[in-house]
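Undergrad: Can you keep this structure in mind? I'll have questions shortly.
The values are calculated or read from the model by the stated rules, or taken from the named source; none is laboratory data. Predicted, not measured: the structure shown is a model, and the values here were computed from it. We place every Cβ from the backbone using ideal geometry, glycine too, and count neighbours over all the protein chains shown. Keep in mind that these areas ignore ligands, DNA and RNA; they rest on the heavy atoms of the full protein, side chains included. Shrake-Rupley method; radii C 1.70, N 1.55, O 1.52, S 1.80 Å.
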Amino acid sequence: MEIYNTLTRRKEKFVPREPGRVDMYVCGPTTYNFIHLGNARPLVFFDTVRRYFRYRGFQVKYVQNFTDVDDKIINRAREEGVDALALARKYIDEYFRDAGALNVRPADVHPRVSEHIPEIIDLISALVEKKAAYVVDKDVYFDIRAFPEYGKLSGRTLDEMQAGARVEVDPRKKHPMDFALWKAAKPGEPAWDSPWGKGRPGWHIECSAMALKYLGHNFDIHGGGFDLVFPHHENEIAQAEAATGQPFVRYWMHNGFITVNQEKMSKSLGNFFLVREILDKFPPEVVRFFLLSTHYRSPLDFDDEKMAAAGRGLDRFKNSIRLLTEALERPSRDRVKPEDEEFIAALGKYHQDFVAAMDDDFNTALAVAICFELAREVNAYLHNTGEYPCREALEKAMNLFQSFNEVLGLFRVEEGTGRILIEGRHAKSNGLEEALLDLLLEVRQQARARKDWATADHIRDRLKELGIILEDTPGGVRWKRQG
């Protein structure tokens, strides 16, 4: 397995700190609003990374923080006239709703800044003691000149950083690029006691402190969006390594930006889209599929047509699973013929190709393409074998679909059986909509039994206008959503 390491700017063979185990830390959202699509990309991608490691037999400890103490939260709370920590708790709850809709599994640990103040204070104290940090008027700053390797992650020199930085000039700093570890209390802001007076942490120190607490130094993978390389992750390295004298992280992974009309999605440009708004227009499995359909380090351009195209592509995958499910429910034969052996051999090749794609820096774009090749192979096999396909071949094909889905997380599965749940008669009912559709199909079947073709065709055509496609098969009627 090879991973592109931002620190070394090349792909490297993945060698974990401890054989058979992977420890991961991924930066989570600042909780002052609902998550947007730019937030969702690292959530979905690193969830897939964790799934794949487990698929490959690794034990995984996955840590993803919540920033619940921050200037943005304080400002938003002041605007709304609410307590800042209460506002953060509200949006943490909302995060789990949106992440859950995208089939993102909870992390093993979700640390919050407000619950780790003692660890943050201890780390800052160690930096002050080692003269890598200094106190000015109850504020504490990191002294970047005390860490000669500062800039090794981003590849920037101090002069380049200073020229490109939007940092307020503060004559109290020893160097303009020194950054706050602890901020003195201001009226109306959350604050805690510390050796330097009442105050709160700066942004960067939280992740160093929490990652070290839960994963120790030199842990395997630290991830996040490319926008975090500098200054956030650069500062994390400086803080952690200056305090411990040990390497902080083995592999740094960063996903590319989401763009809209080739411009980076951002709140400042007003071109960001909340996940919740997108889920009002597109099914969650389509959103997840869209996010995984491009290699994680490449930019991903968003618009409604690209989402609709993703939905049409995913429908082809769903259709193969439906056909396979229906074939498994009908009579089949136990005897294995040469054409079955050929199909089973092809399944083994798809599995090898899928693993090779994911082993190559988690190439989900190629893995998705292999899923489509598998779908075409399954469709052709079912077409060519006629009414009684081979039971063993069908089961192996379904097992392969299920294993690919376990990694990519596109579809939910039935607890206990692992059966993939997709729209239609093989999915669990989602309420009145499916109940009414079942009733219409029953009426149509009764009309067909009476040879009332006009009524049957009218129901089919009206459903098509509503975006529901009916297919009459030997195993009964099958439906799917259009696009």
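Undergrad: Return the long-range amide H neighbours of residue 12 (sequence gap of 5 or more, or a different chain), with a cut-off of under 5 Å between placed amide H atoms.
TA: Sorted by chain and number, the residues that satisfy this are 3, 4, 5.
Undergrad: Would you mind telling me the share, in percent, of accessible area of segment 128-264 contributed by carbon and sulfur at probe 1.4 angstrom?
TA: In segment 128-264, the share of accessible area belonging to carbon and sulfur is 50 percent.
Undergrad: Let me ask you something else. Over 21 Å between C-alpha atoms is what I'm after, so list which of 318/396; 13/349; 13/396; 281/306 land there.
TA: Beyond 21 Å: 13/349; 13/396.
Undergrad: Rounded to the nearest 5, what is the percent of antiparallel bridges among the DSSP beta bridges in segment 220-342?
TA: So the antiparallel bridges amount to about 20 percent of the total.
Undergrad: Separate question: Taking just the alpha carbons, could you work out the radius of gyration and Dmax for the chain, both in angstroms?
TA: Reported Rg and Dmax, both Å: 26.6, 89.
Undergrad: Right, another one. Looking at segment 176-282 from every direction and averaging, what is the projected area of its Cα convex hull in nm²?
TA: With the hull built on Cα positions only, its mean projection is 10.6 nm².
Undergrad: A further question follows. Give, rounded to the nearest 20 debye, the magnitude of the charge dipole that the chain has about its Cα centre when Lys and Arg contribute +1 at Cβ and Asp and Glu contribute -1 at Cβ.
TA: Here the size comes out at about 160 debye.
Undergrad: If you don't mind, there's one more thing I want to ask. Tell me the per residue accessible area of segment 94-160 using a 1.4 Å probe; a whole number in Å² is fine.
TA: Result: 48 Å² per residue.
Undergrad: Also, quick follow-up: Amide H to amide H, which residues 5 or more places from residue 255 or on other chains are under 5 Å from it, using H placed in the peptide plane?
TA: Close amide H contacts, sequence-distant or interchain: 224, 225, 226.
Undergrad: A further question follows. With only alpha-carbon atoms in the gyration tensor, what are the semi-axes of the equivalent ellipsoid for segment 139-215, in Å, largest first?
TA: Ellipsoid semi-axes (Å, largest first): 24, 18, 11.
Undergrad: What does the helix-only formula give at 222 nm for the chain: each DSSP H stretch with n ≥ 4 adding -39500 (n - 2.57), the total divided by the residues, and the result rounded to the nearest 500 deg cm²/dmol?
TA: -15000 deg cm²/dmol
Undergrad: Next question. Which angle from 0 to 90°, rounded to the nearest 10, does the C-alpha axis of helix 84-101 make with the longest principal axis of the chain?
TA: Once rounded, the angle reads 30 degrees.
Undergrad: Taking all protein chains as present, what is the carbon and sulfur share of the accessible area of segment 1-121, in % to the nearest whole number, probe 1.4 Å?
TA: 46
Undergrad: Regarding segment 249-400, what are the three Cα extents along the principal axes, ordered largest first, in Å?
TA: Projected onto its principal axes, the Cα set of segment 249-400 covers 64, 39, 22 Å.
Undergrad: Amide H of residue 22: which non-local residues (sequence gap of 5 or more, or other chain) have their own amide H closer than 5 Å, using H built in the peptide plane?
TA: 59, 60, 61
Undergrad: First compute the accessible area of segment 300-349 with a 1.4 Å probe, then give the percent of it belonging to carbon and sulfur atoms.
TA: About 54 percent, which is the carbon plus sulfur part of the accessible surface.
Undergrad: As a test, work out the antiparallel percent of DSSP beta bridges whose residues both lie in the chain, rounded to the nearest 5.
TA: Once the DSSP bridges in the chain are tallied, antiparallel ones form about 55 percent.
Undergrad: Sequence neighbours fewer than 8 away in the same chain don't count; with that in mind, list the lysines whose C-alpha is under 29 Å from residue 130.
TA: The qualifying lysines are 138, 152, 173, 174, 183, 186, 198, 213.
Undergrad: I would also like to ask the following. Near residue 337, which aspartates and glutamates are there with a Cα under 18 Å away, not counting those fewer than 8 places off in the same chain?
TA: Once the sequence-local aspartates and glutamates are set aside, what remains near residue 337 is 377, 387, 392, 395.
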